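Input: a single structure, listed below in structure tokens.
The values are calculated or read from the model by the stated rules, or taken from the named source; none is laboratory data. Everything numeric here is computed off the predicted structure, so don't read it as measured data. We place every Cβ from the backbone using ideal geometry, glycine too, and count neighbours over all the protein chains shown. Areas reflect the complete protein model, heavy atoms only, side chains present, ligands, DNA and RNA absent. Shrake-Rupley method; radii C 1.70, N 1.55, O 1.52, S 1.80 Å.
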Amino acid sequence: MLHLEYKGVYSTFEYEQNSAPAEQTKRNWLVWFTDNDTVMIQALSVQNTVAGQQYRLRIEDFIHRFVEEPEVLLPPQVLAHAHLVEHEARSLPDEPYKFVLKDKYGSEVTPELVSSSEALEIARKEAERFAEEQKTPENVSKNLKASFEEALVALENGDRRNALKVLTKLAESKEGIVPEHKHVFADFGSNLRKQKLPAAALQHQLRVVELSPDDDHALFNVARVYYDMGDFGNTIRYLNRAISLNKNLRPAKLFLEYVRSERRSGR
């Protein structure tokens, strides 16, 4: 049985057939190492979706031509034609593009076409294993933070609408979320509060309370965001909840006195 170990995304610079030698095109590939000194590769499109067939290369040809792309995070996938995977691929479609791989000496390398049902089944199981790995607390945190960074980039680029959509989706994330992720959401809320986005900050701070309802500091942080929004009623309510859990939470007591004073004065 062929055993495959998924290694992620690698890239090559290819010479398209009938093009000038200087014209090169970068292409990304999904890559699996096998247990028989070969490498299985799956072509990706420009949009990094699965495109075309799988091939097997000798390890020496792979090493000299392929470069790891650690910033491109994709799960292992098999053929783009899902019906072929589901029905034990009796035949494969024609390759939608032509390419030429060259070794370090400039000689053309012709990959071996991988078409066995067994190889596809192994790759499919690897994809399932990868999906399970993404549910570990560490990977969930990593993916949450990556999405948050994308939202911040969108904000910097002026795409406020999509950024807020991503932030809301993050705050509503359910799959793989465990109580220890409260620190991730707390950081998000604190960051968004500093950026004067109280509504988005509130979504994440409330998620912290959902994950840890007896966390007095989480309740205090929610109160601070409500204060930023001018909602004195909820500010006082959450401060009282925080103080009821921790009678020695001096910042909450002082803040409560200040808010009540401000409320009485009508400011």
Can you pull out every residue in region 157-179 that is open to solvent by 50 Å² or more (accessible area, probe 1.4 Å) and within 23 Å of residue 223 (Cβ to Cβ)?
164, 172, 179
For region 236-243, state whether one or more residues are crowded, with 16+ Cβ neighbours inside 10 Å, touching a Phe, Trp or Tyr at 6+ places or on another chain (Cβ under 7 Å), within 29 Å of residue 143 (Cβ to Cβ) and among the hydrophobic types (A, V, I, L, M, F, W, C).
no
Within region 47-60, which residues are modelled with pLDDT under 80 and open to solvent by 50 Å² or more (accessible area, probe 1.4 Å)?
47, 49
On the basis of being in a loop (DSSP other than H, G, I, E, B) and either modelled with pLDDT under 70 or out of contact with any helix residue (DSSP H, G or I) (no Cβ under 7 Å at 6 or more places or on another chain) (or both), does residue 17 make the cut?
yes
Could you check residue 63 against (1) modelled with pLDDT of 85 or more; (2) open to solvent by less than 60 Å² (accessible area, probe 1.4 Å) and say which number it fails?
(2)
It is to be established whether one or more residues within region 74-92 are closer than 26 Å to residue 128 by Cα, open to solvent by 20 Å² or more (accessible area, probe 1.4 Å) and modelled with pLDDT of 80 or more.
yes
If you check residue 182 against the conditions, is it at pLDDT 95 or above and either touching an Asp or Glu at 6+ places or on another chain (Cβ under 8 Å) or closer than 25 Å to residue 71 by Cα (or both)?
yes
Which one of 161, 129, 124 is at pLDDT 90 or above, of a type in the set (Lys, Arg) and within 29 Å of the chain's Cα centre (by Cα)?
161
Assuming residue 131 fulfils every condition listed in (1) of a type in the set (A, V, I, L, M); (2) in contact with a His (Cβ under 8 Å, 6 or more places away or on another chain); (3) open to solvent by 40 Å² or more (accessible area, probe 1.4 Å) apart from one, which condition is it?
(2)
